[in-house]
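These notes are about the structure you will find just below.
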Amino acid sequence: AAVCWHEGELYASFGHNRGSENTATEEARGRVRTDGGKSWSEVFTIDVGDEPNLAVSHGVFLSHKGSLWAFHGSFHGRMQGLHTRAYVLDEASGRWEKKGVVARRGFWPTQEPVAMDDGNWLMAGISVSGGYGGPDDPAAVAISRGDDFSRWDVVTVPKPEGLRMWGESTVVVEGRDVLCIARWRKPVALAAVSKDYGRTWTEIRETNLPMAASKPYAGVLSTGQWYLVGTTTADSGNRRSPLTIAVSRPGEKV
């Protein structure tokens, strides 16, 4: 799921499927919470796929300059030709305007765009190159060209040869420095660092942080504390519970 505050309302989106997960019948849908959080609207549709055998699955939001954007992973069949499509909410009609394919190279966003000091935005995600269950699905980021959200440059995070991962990732941005944290098939967090706004990366490597193999989520609080949401208890293995929130001291990175 993704959530986003926009114009005082809370939007949520998710993937729906009448069949198996990650198949061509995936549809992007959502709900909005309007009355101070007391209830949710009926389910609305972002996109069900307007081509044969086309899926539009879960994605992320961005509220920027009065517009609500949505960026969703999309593919054909069983996760073939994966890419990202963009949408903008027409608030008068409640319909989502299709902006087409905005990122390729197998990119599927897993964290909303984060503004960077160089004027660009960065989305964390995964690059799926070989369809479902492939051997090489590294963490990746997509970088905008300023506030033009119609074209994103995809950069994969390098990994050791032979490392099998399903690289759903998250980032923390601080100036030109970016920390990428990614899930693995083992219950340990992987991490890599960029010193140039996500353009180049160190090779991703195993850390000493236990973390279940589910999508992590990280960022910086208004207090200056870094945070990481996931399951990071030492004895949970690959169970996705309990949910944990790890925080640093203000201004620190540990």
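The values are calculated or read from the model by the stated rules, or taken from the named source; none is laboratory data. In this text, all values refer to a predicted model and were calculated from it rather than measured experimentally. A quick note on method: Cβ atoms are made from the backbone with ideal geometry, for glycine too, and the neighbour counts reach across all protein chains shown. In case anyone asks, the SASA skips ligands and DNA or RNA and just uses the protein heavy atoms, side chains included. Shrake-Rupley method; radii C 1.70, N 1.55, O 1.52, S 1.80 Å.
Within the set Arg104, Arg145, the sole residue that is touching a Lys or Arg at 6+ places or on another chain (Cβ under 7 Å), among the charged types (D, E, K, R) and open to solvent by 10 Å² or more (accessible area, probe 1.4 Å) turns out to be Arg145.
Reported count of residues in region 169-183, each being outside any strand (DSSP E or B) and either open to solvent by 50 Å² or more (accessible area, probe 1.4 Å) or in contact with a Phe, Trp or Tyr (Cβ under 8 Å, 6 or more places away or on another chain) (or both), is 2. When Ala213, Ala234 are screened for being in contact with a Lys or Arg (Cβ under 6 Å, 6 or more places away or on another chain), farther than 26 Å from Asp117 by Cβ and either part of a loop (DSSP other than H, G, I, E, B) or among the acidic types (Asp, Glu) (or both), only Ala213 passes. For Ala115, indicate whether it is touching a Phe, Trp or Tyr at 6+ places or on another chain (Cβ under 7 Å) and surrounded by 14 or more Cβ atoms within 10 Å (Cβ to Cβ). So Ala115 passes the test.
Under the condition of being part of a loop (DSSP other than H, G, I, E, B), crowded, with 21+ Cβ neighbours inside 10 Å and either at pLDDT 95 or above or at positive phi (or both), the residues counted in region 148-165 number 2.
Within region 15-44, count every residue that is in a strand (DSSP E or B), open to solvent by 50 Å² or more (accessible area, probe 1.4 Å) and closer than 15 Å to Gly73 by Cα.
So in region 15-44, the residues in a strand (DSSP E or B) come out as 15-17, 26-33, 40, 44.
With the extra rule that they be open to solvent by 50 Å² or more (accessible area, probe 1.4 Å), the set shrinks to 16, 31, 33, 40.
This time we only want the ones that are closer than 15 Å to Gly73 by Cα, so: 16.
Within region 15-44, residues that are in a strand (DSSP E or B), open to solvent by 50 Å² or more (accessible area, probe 1.4 Å) and closer than 15 Å to Gly73 by Cα number 1.
Inspect all residues belonging to region 64-72 and state whether any of them is open to solvent by 50 Å² or more (accessible area, probe 1.4 Å) and either free of Cβ contacts under 8 Å to residues at least 60 places away in the same chain or in a strand (DSSP E or B) (or both). No - not one qualifying residue is present in region 64-72.
Among the residues making up region 215-225, none is surrounded by 15 or more Cβ atoms within 10 Å (Cβ to Cβ), without any contact (Cβ under 8 Å) to a residue 60 or more places away in the chain and hydroxyl-bearing (Ser, Thr, Tyr).
Would it be correct to say that Ala218 is assigned to a strand (DSSP E or B) and closer than 20 Å to Ala142 by Cα? For Ala218, the condition - assigned to a strand (DSSP E or B) and closer than 20 Å to Ala142 by Cα - is met. Within the set Gly19, Gly100, the sole residue that is among the small types (Gly, Ala, Ser) and either touching a helix residue (DSSP H, G or I) at 6+ places or on another chain (Cβ under 8 Å) or modelled with pLDDT of 95 or more (or both) turns out to be Gly100.
Across region 226-238, what is the total count of residues that are over 21 Å from the mean Cα position of the chain (by Cα) and surrounded by fewer than 15 Cβ atoms within 10 Å (Cβ to Cβ)? Step through it out loud before you land on a result.
Step one: list which residues in region 226-238 are over 21 Å from the mean Cα position of the chain (by Cα), which gives 233-237.
Those still in the list that are surrounded by fewer than 15 Cβ atoms within 10 Å (Cβ to Cβ) too: 234-235, 237.
The number of residues fulfilling the criteria is 3.
How many residues does region 10-29 hold that are free of Cβ contacts under 8 Å to residues at least 40 places away in the same chain and under 17 Å from Ser67 (Cα atoms)? Summing the residues that are free of Cβ contacts under 8 Å to residues at least 40 places away in the same chain and under 17 Å from Ser67 (Cα atoms) in region 10-29 gives 2. As a summary of the residue check, Met79 satisfies the conditions (1) closer than 20 Å to Val229 by Cβ; (2) crowded, with 22+ Cβ neighbours inside 10 Å; (3) not hydroxyl-bearing (Ser, Thr, Tyr) except for the one numbered (1).
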